[in-house]
Structures are given as structure tokens and as C-alpha cells.
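The values are calculated or read from the model by the stated rules, or taken from the named source; none is laboratory data. All of these numbers come straight from a predicted model, not from anything done at the bench. Cβ atoms come from the backbone with ideal geometry, glycine included; neighbour counts cover every protein chain shown.
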Amino acid sequence: MSTATAELPREVRQRRKAGLPPWLNPAPLWLRGIKAAVIVAIVVTMLYPLVYVIAMSFASPQQARAGVVFPTEYSLDAYRAIFNGGTVVTGLQNSLWVTVVGTFLSLTASAMLAWGLSRTKDVPGSKFILIMVLATMFFSAGIIPNFLLVKSLGLLDSLWSLIIPGLVSAFNMIVIRNFFMNLPTELIEAARIDGAGEWRIFLRIVLPLSKPVLAVMGLFYAVGYWNTYFNALLYINDAEKWPIQVVLQQYVLAGVSIPGATVSPDQPPPPGITLQMAVIVLATVPILLVYPFLQRYFTKGVLTGAIKG
């Protein structure tokens with residue numbers, strides 16, 4: 001052993017002796033401590049706003065007016081006032097309708113298009129259609145042409161304007177297509193020999209085998225529809241048809257008071273801060289509840305569909 005090698009730390013000498021790269025060996029204790037501290041700091045930074053919003057939405061009117069950061073007295077007055085007002089409830093119903101209907105239609109259209117484009121040998125012109133779909137990922141007509149298109153279709157002031165213009169996401173469709181192309185061709189050919197048609201193969205074989213990627217893409221579509229905001233501002237003027245995100249912008253960022261948001265006629269309305277935090281919670285929690293049920297599909301659905309092996 002040379003003098004220079006002997007002066008190296010013991011951990012480095014062990015790595016060199018084992019012939020492994022440094023990132024495959026246990027890190028020193030001080031480095032693990034730094035990593036743990038950084039991770040804890042990131043977790044606290046991310047959790048603090050969420051905990052604050054939830055706590056303030058349940059704060060009692062007295063502590064909310066006093067500006068307490070983390071209240072110790074809680075009340076449901078903010079939620080009672082919101083549900084009595086009706087505006088937020090209508091926004092939740094609109095967003096729920098757009099999310100459920102839009103996700104179902106988008107998944108259906110994306111899966112059907114992906115299946116057709118995955119059969120390049122059986123579908124004439126599929127490569128040209130695939131190029132046209134990929135072009136939409138890099139080029140867009142712009143806001144004004146899209147608005148004129150929606151207007152010409154008679155979709156202004158309609159919830160369908162939040163679904164039909166963006167029915168198929170090119171990225172999601174490509175992921176589903178790659179997943180379909182990784183399915184065993186022997187199974188599909190065997191079904192075709194047994195007399196199964198394209199629809200039967202697609203519905204009875206392809207879709208059941210594609211649950212992971214469909215679940216993940218369904219979550220992507222659902223999050224996109226639930227968070228629809230800009231298109232709603234452009235295409236919908238009727239406040240009764242606003243999704244929850246536009247309601248959130250009006251009553252939280254713009255500071256407009258929620259009409260009818262009172263617990264009872266003989267009581268003053270809850271403080272504005274508790275109403276705003278309660279609206280944020282109602283707009284955020286529903287989509288968070290769906291994520292844990294689909295998390296187990298992420299690795300298989302996204303990686304298998306994104307990489308053509």
C-alpha cells in the first residue's frame with residue numbers, strides 16, 4: 001500500500017478495495033446526518049402551510065380575529081356558513097361533474113386512439129396520425145383561435161367547454177400507446193385466431209391488462225380537470241357554472257365576500273380568514289383523497305408506458 005493510499009479515510013479505502021463506485025457504498029455518518037436534516041427541513045416546509053390552512057379553517061371566531069397562528073379553540077362555523085351560502089357547493093358540484101365526465105371521456109378517447117396507433121401494421125395512415133398528434137405537443141393555435149373555435153361550436157357558458165377542447169392529452173395518449181405496444185403479441189394473436197374481433201380484443205383483453213397505466217392516466221386527467229381555472233375564466237361567464245377553482249380565486253384571492261355565508265341570520269358571519277381557509281380545504285381535499293388509492297400503480301403504469309422496451 002502506497003503512502004498516499006494509506007492517508008485516505010478508512011471508508012474511501014474500503015470502497016476502492018471493494019471495487020464499487022462511491023454511491024453504492026454506505027455514506028459516512030456526518031453525511032447521513034446532513035441528508036436527514038435537509039429532508040426534515042423540506043418536510044416541515046411543505047407541511048407547515050397545509051397544517052396552517054386546515055387549523056385556521058377550524059379556528060374559533062375569537063382566535064381567528066385575534067390573529068392566532070395555531071388556534072387552540074375550534075369551531076365548524078366556517079364550514080356551516082359556506083354550505084349555507086351555496087356558492088361554494090355549486091362550484092364543487094360543477095368541478096365534480098367536469099372531473100368525472102371529463103376523465104371518463106378522456107380515458108375512453110385516449111385509450112381508443114392509442115390502441116389504433118399501436119397497431120401500425122393494421123391501421124393505414126397511423127404513422128401520419130401519430131405525427132399529427134405529436135405536433136400538438138410542440139405547436140398551439142393560441143388563445144384567440146381556441147376561443148373562436150369554442151364560440152363557433154356553441155360551447156360558451158357551458159361546462160362542455162372545459163372538456164371537449166382538451167379531450168385528449170398527447171402525452172398521456174403516447175404513454176398509453178407505449179404500454180399497449182408492450183403487451184404480449186402472442187396473446188392478441190391467439191385471441192384473433194379464436195375468432196375475436198378488434199373490439200372484443202380491446203375490451204376483454206387489452207383494457208383489463210392495462211389497469212395500471214389507465215389508473216395513472218386517469219389520475220392525471222382528473223387532477224387536470226379538477227384544477228381547471230384559466231379555460232373557465234375564458235369560456236364561462238355564468239357564476240352558477242363556475243368550477244371550484246374560479247370560486248376559490250374570487251373569494252380568496254380577489255377578496256369578494258361569499259353571498260349568504262352566515263351560520264344563522266341572528267349571528268355575524270365568521271371571520272374572512274376562516275372562510276378563505278375553509279374554501280381552500282374544500283377545493284384541495286377531494287383530489288388528495290383519490291391519490292393514495294392509485295399510488296401503487298404509478299411505477300408500473302408510468303415507467304412501463306413511458307419506456308418502449
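Has the stretch 179-199 got at least one residue that is under 25 Å from Val133 (Cα atoms), in contact with a Phe, Trp or Tyr (Cβ under 8 Å, 6 or more places away or on another chain), of a type in the set (D, E, K, R) and surrounded by fewer than 18 Cβ atoms within 10 Å (Cβ to Cβ)? No, every residue in the stretch 179-199 fails to be under 25 Å from Val133 (Cα atoms), in contact with a Phe, Trp or Tyr (Cβ under 8 Å, 6 or more places away or on another chain), of a type in the set (D, E, K, R) and surrounded by fewer than 18 Cβ atoms within 10 Å (Cβ to Cβ). Filtering the stretch 34-62 to residues that are at pLDDT below 90 and of a type in the set (Gly, Ala, Ser) leaves Ala55, Ser57, Ala59, Ser60. The condition (being farther than 21 Å from Asn182 by Cβ and assigned by TED's automatic domain parsing to the domain that holds Asn237) is satisfied by just one residue among Ser126, Ser158, Ser110: Ser158.
Kindly provide the set of residues from the stretch 67-97 that are among the aromatic types (Phe, Trp, Tyr) and surrounded by 17 or more Cβ atoms within 10 Å (Cβ to Cβ), ordered by number. The one that is among the aromatic types (Phe, Trp, Tyr) and surrounded by 17 or more Cβ atoms within 10 Å (Cβ to Cβ): Tyr79.
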